[in-house]
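Here the structure is laid out as structure tokens; the discussion comes afterwards.
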Amino acid sequence: QEEAEGLRDEVLRLRQALGEKQPADGAPHPAVASDLDLTSLQAEVADLKQQLQREKVRKQQREDALQAALQQSKSTLTARMAEAEQAVQEIRAAFRRDLEAA
């Protein structure tokens, strides 16, 4: 009985970690109904842990993709700034030559 209660608590905690809300009427989630046997509760906990792990992996992949895109944007911006600086130097040199020729 104690083990079943602990598993029910873990099911609720995992469901909350996955973003699920408890029913508005305060009733327990069907997965933690008291008539579920120990094996069913253990299976539910294992399934929820897998879901949570997959969600963590997806989140990390999204974060990695965003970081890569940010790094690419920074690199592109740096390259464009270098090109712009080169163009400014060329314009200044041309302007000086024009002034000297005049």
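Taken together, the values in this text are just the output of simple stated rules run on the coordinates, not laboratory data. Since the model is a prediction, treat every value here as computed from it, not as a measurement.
On full extension of the chain, what length is gained from Gln51 through Ala79, given 0.36 nm per residue of separation minus the C-alpha to C-alpha distance?
Answer, rounded to one decimal: 5.9 nm.
Under 16 Å from the Cα of Lys49, which aspartates and glutamates turn up, not counting those fewer than eight places away in the same chain?
Answer for Lys49, where 16 Å is the Cα cut-off: Asp9, Glu10, Glu20, listed by chain and number.
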